[in-house]
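Each remark here refers to the structure printed beneath this line.
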Amino acid sequence: MSTTTLAASTPAYGAGVHARPGLGRLAAVELRKIVDTRAGFWLQVATVAITALVVIVRLAVGGAADHTFASVLTVGALPAAALLPVAGILLVTSEWSQRTGMITFALVPVRSRVLGAKLIASVVLAIAMLAVSVGIIAAGVLVASPGVDGTWSDAGTLIAQSAVYLTSGMLVGVAFGMVVLASAPAIVALFTLPTAWGAVASLSLFADVAPWLDPGRALDPLLREVVSTTQWARAGTALALWMVLPLLIGTWRITRREVAA
Amino acid sequence: MIETEQITKQLGRRTIVSDVSFRCEPGTVTGFLGPNGAGKTTTMRMLVGLSEPDSGEARILGGRYRDLPNPGRRVGILLDAAAQHAGRRGREALAISAKTIGVPAQRVDTLLELVGLDETAARRRVGQYSLGMRQRLGFAHALLGDPEVLILDEPANGLDPEGMRWMRGLLRGFANRGGTVLLSSHLLAEVEAVADRMMIIGGGRIQAQGTRAELLTESGTIVEAADLAGLDAALQRAGLATHPADGDRRLVEAEPEVVARAALAGGVVLHRLAPAEGAGLERLFFELTASGASAPSPTTDSIHPELTGATA
């Protein structure tokens with residue numbers, strides 16, 4: 001080990017000792033933490049690779065007339081929709097399972113600021129992944145069906161709806177991570193709870209409320225079609241149950257709970 | 001400056017930390033000693049806001065830790081070297097903390113060099129690190145913000161003898177420049193060489209605290225004889241308080257000359273007769289902490305050189 005003394009090796013950087021780290025800086029750090037681990041890095045690479053694969057397969061079947069931007073987006077956004085929530089879960093649960101929370105919450109003792117930074121980072125990642133997905137889809141459509149009428153109809157609206165879908169999906173992942181605080185159970189819950197709920201909701205007893213609370217039925221139209229006001233309302237109620245409620249429970253839990261030893 | 005006032009922490013019905021009050025002054029190294037499970041880690045976690053005391057107050061640099069705007073720049077913490085993401089590279093683990101607390105990225109390289117993690121080690125993922133390497137990364141992390149206070153939980157764990165010597169030099173230098181150091185250990189030998197003050201915790205309570213000299217108000221004599229029964233009898237006849245020590249020795253609460261006279265009176269041949277020096281502290285440590293929930297057995301082992309005579 002070096003015998004250099006600290007005094008001799010310490011550069012002058014006095015500024016910032018008494019300045020609270022800004023939320024933007026914390027969000028940038030959280031974004032970096034999503035991709036700077038082995039698992040996190042390959043999760044993002046896999047999302048892009050599977051998106052490309054799905055788009056190629058979708059364009060390889062059927063005629064050029066089927067290859068509108070809208071129809072390819074419906075399947076092309078699914079890899080990101082499935083894997084972004086996993087990244088969201090890991091962003092929170094790794095602080096416990098990998099015990100980095102002891103560092104994170106010691107450096108930023110006001111825990112709600114860390115959670116806020118994680119939410120901002122999640123939105124940024126979801127939008128970035130949407131941009132990549134849309135780029136792949138658009139490139140594929142340009143190559144596969146040039147000059148077909150209506151290829152780009154509703155593209156802007158559908159991209160905006162996809163932004164809502166992917167962003168909220170990622171935040172649902174973060175919320176599940178915040179409630180469960182353990183990677184594997186949170187991921188299992190994320191993929192099984194909505195399905196189990198869908199099964200229960202299919203009972204005639206729930207016929208009236210199911211479209212409003214079943215995440216599949218309430219949210220999937222966002223990727224398929226230009227949605228109506230009623231459909232927006234259904235998406236909103238489903239997100240209140242699946243995103244907002246767990247976010248509130250998770251925030252309550254993390255800001256009060258002891259950080260694991 | 002670190003202060004606690006009667007902090008108490010319960011977990012369920014079990015009291016982990018009870019009424020702990022102490023003060024660590026700038027320019028000093030304080031050793032926080034106690035067996036595993038005595039409450040050292042819980043106390044340190046309460047200092048830095050990872051855990052809330054049920055009652056009492058902990059203050060660092062004059063206020064609550066969580067009220068420091070950018071605590072990473074004033075307080076360096078190493079609570080658990082294993083608490084790093086296994087899939088993150090060593091340099092990256094430091095880099096994200098450097099970014100969080102707002103120190104330049106070059107500071108990461110400076111610290112890596114200081115703790116002796118070379119380029120190859122810095123590029124490896126923390127999951128592949130040995131305990132010693134994690135501990136060094138933890139030191140780098142604690143020093144990243146050029147802090148005024150260091151709080152280190154079992155920092156010597158996994159360090160080789162050379163690393164221990166390096167750590168002592170580092171902490172001494174840090175304190176000499178006006179820093180405040182609190183380091184914990186379950187091994188007396190690890191801290192007594194560097195600590196100006198020591199606190200001994202057992203069963204969640206501070207059992208003793210003070211300078212080394214203050215803790216050693218009673219000196220003693222280490223004595224060894226082939227005829228152990230005869231020695232015990234002779235010491236008892238002389239009315240001398242005697243405690244068993246390692247290797248069939250006895251620690252006697254008296255000056256060597258008094259012990260020698262007692263042995264002469266009993267006709268016992270002594271193999272060894274020496275002032276106890278650190279042994280008194282050692283025994284104090286064990287006695288004070290024996291009431292703790294998971295106190296070690298009172299027999300010493302080879303880790304404690306005072307009783308085995310490994311060092312002068």
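The values are calculated or read from the model by the stated rules, or taken from the named source; none is laboratory data. It should be emphasised that the depicted structure is a prediction, and the values quoted were computed from it without experimental measurement. As a convention, Cβ positions derive from the backbone with ideal geometry for all residues, glycine included, and neighbour counts pool all protein chains shown.
Conditions (1) surrounded by 14 or more Cβ atoms within 10 Å (Cβ to Cβ); (2) part of a strand (DSSP E or B); (3) touching a Pro at 6+ places or on another chain (Cβ under 6 Å); (4) not hydrophobic (A, V, I, L, M, F, W, C), marked per residue:
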residue: B:170; (1), (2), (3), (4): yes, no, no, no
residue: B:191; (1), (2), (3), (4): yes, no, no, no
residue: B:199; (1), (2), (3), (4): yes, yes, no, no
residue: B:207; (1), (2), (3), (4): yes, yes, no, yes
Pick from B:43, B:120: which is free of Cβ contacts under 8 Å to residues at least 12 places away in the same chain, at negative phi and more than 10 Å from chain A (Cβ to nearest Cβ)? B:120
Against the condition of a type outside the set (Phe, Trp, Tyr), surrounded by fewer than 21 Cβ atoms within 10 Å (Cβ to Cβ) and part of a helix (DSSP H, G or I), how does residue B:178 come out, does it pass? no
Could you check residue B:114 against (1) more than 7 Å from chain A (Cβ to nearest Cβ); (2) touching a helix residue (DSSP H, G or I) at 6+ places or on another chain (Cβ under 9 Å); (3) in a helix (DSSP H, G or I) and say which number it fails? (1)
Selected residue (only one of B:57, B:5 is away from every other protein chain (no Cβ under 13 Å), within 21 Å of the chain's Cα centre (by Cα), at negative phi and not in a helix (DSSP H, G or I)): B:5
Find the helices (runs of 4 or more DSSP H) located wholly in the stretch A:59-149 whose residues include 1 or more that are basic (Lys, Arg), and list them. A:111-144
So, in the stretch A:71-97, how many residues would count as being without any contact (Cβ under 8 Å) to a residue 40 or more places away in the chain and either touching an Asp or Glu at 6+ places or on another chain (Cβ under 7 Å) or farther than 15 Å from residue A:48 by Cα (or both)? 2
Please enumerate the residues belonging to the stretch A:105-119 that are under 18 Å from residue A:179 (Cα atoms) and either within 13 Å of chain B (Cβ to nearest Cβ) or touching an Asp or Glu at 6+ places or on another chain (Cβ under 8 Å) (or both). A:105, A:111, A:112, A:113, A:114, A:117, A:118
For the stretch A:124-143, state whether one or more residues are at pLDDT below 95, buried (at least 20 other Cβ atoms within 10 Å of the Cβ), more than 10 Å from the chain's Cα centre (by Cα) and not aliphatic (A, V, I, L, M). yes
Working only within the stretch B:35-60, note down all residues that are crowded, with 17+ Cβ neighbours inside 10 Å and closer than 22 Å to residue B:285 by Cα. B:35, B:37, B:38, B:39, B:40, B:41, B:42, B:43, B:44
Of the conditions (1) more than 16 Å from the chain's Cα centre (by Cα); (2) under 30 Å from residue A:255 (Cβ atoms), residue A:84 fails just one. Which one is it? (1)
Just one of B:72, B:87, B:62, B:102 is of a type outside the set (S, T, N, Q) and under 23 Å from residue B:167 (Cβ atoms); which is it? B:72
Just to be sure, is residue A:88 away from chain B (no Cβ under 14 Å) and at positive phi? no
If you go through the stretch B:111-122 one residue at a time, do you hit one that is touching a strand residue (DSSP E or B) at 6+ places or on another chain (Cβ under 9 Å), of a type in the set (A, V, I, L, M, F, W, C) and closer than 17 Å to residue B:153 by Cβ? no
Could you count how many residues in the stretch A:179-206 are assigned to a helix (DSSP H, G or I) and either of a type in the set (Asp, Glu) or more than 18 Å from residue A:247 (Cα to Cα) (or both)? 12
Among the candidates A:239, A:247, which residue alone is within 30 Å of residue A:69 (Cα to Cα) and either in a helix (DSSP H, G or I) or within 14 Å of another protein chain (Cβ to nearest Cβ) (or both)? A:239
Show the residue pairs that are 6+ apart or on different chains and have beta-carbon atoms under 6 Å apart, the first residue being within the stretch B:232-261 and free of Cβ contacts under 8 Å to residues at least 60 places away in the same chain, the second being surrounded by 14 or more Cβ atoms within 10 Å (Cβ to Cβ) and of a type in the set (Asp, Glu). B:241/B:253; B:249/B:224
Give the residue that is farthest from the other protein chains (Cβ to nearest Cβ), with candidates limited to residues of the stretch B:71-83 that are within 23 Å of residue A:35 (Cα to Cα) and surrounded by fewer than 24 Cβ atoms within 10 Å (Cβ to Cβ). B:82
Does the stretch A:17-38 hold any residues that are assigned to a helix (DSSP H, G or I), within 11 Å of chain B (Cβ to nearest Cβ), surrounded by fewer than 18 Cβ atoms within 10 Å (Cβ to Cβ) and out of contact with any strand residue (DSSP E or B) (no Cβ under 7 Å at 6 or more places or on another chain), and which are they? A:25, A:32, A:35
So, residue A:122, is that one under 30 Å from residue B:68 (Cα atoms) and within 14 Å of another protein chain (Cβ to nearest Cβ) or not? no
With the structure loaded, tell me whether residue B:32 is part of a strand (DSSP E or B), away from every other protein chain (no Cβ under 14 Å), buried (at least 24 other Cβ atoms within 10 Å of the Cβ) and under 21 Å from the mean Cα position of the chain (by Cα) or whether it fails that test. yes
Please find, within the stretch B:96-108, the residue that is surrounded by the fewest Cβ atoms within 10 Å (Cβ to Cβ) out of those that are within 29 Å of the chain's Cα centre (by Cα) and more than 8 Å from chain A (Cβ to nearest Cβ). B:98
Taking the stated definitions as given, is residue B:86 more than 8 Å from chain A (Cβ to nearest Cβ) and among the hydrophobic types (A, V, I, L, M, F, W, C)? no
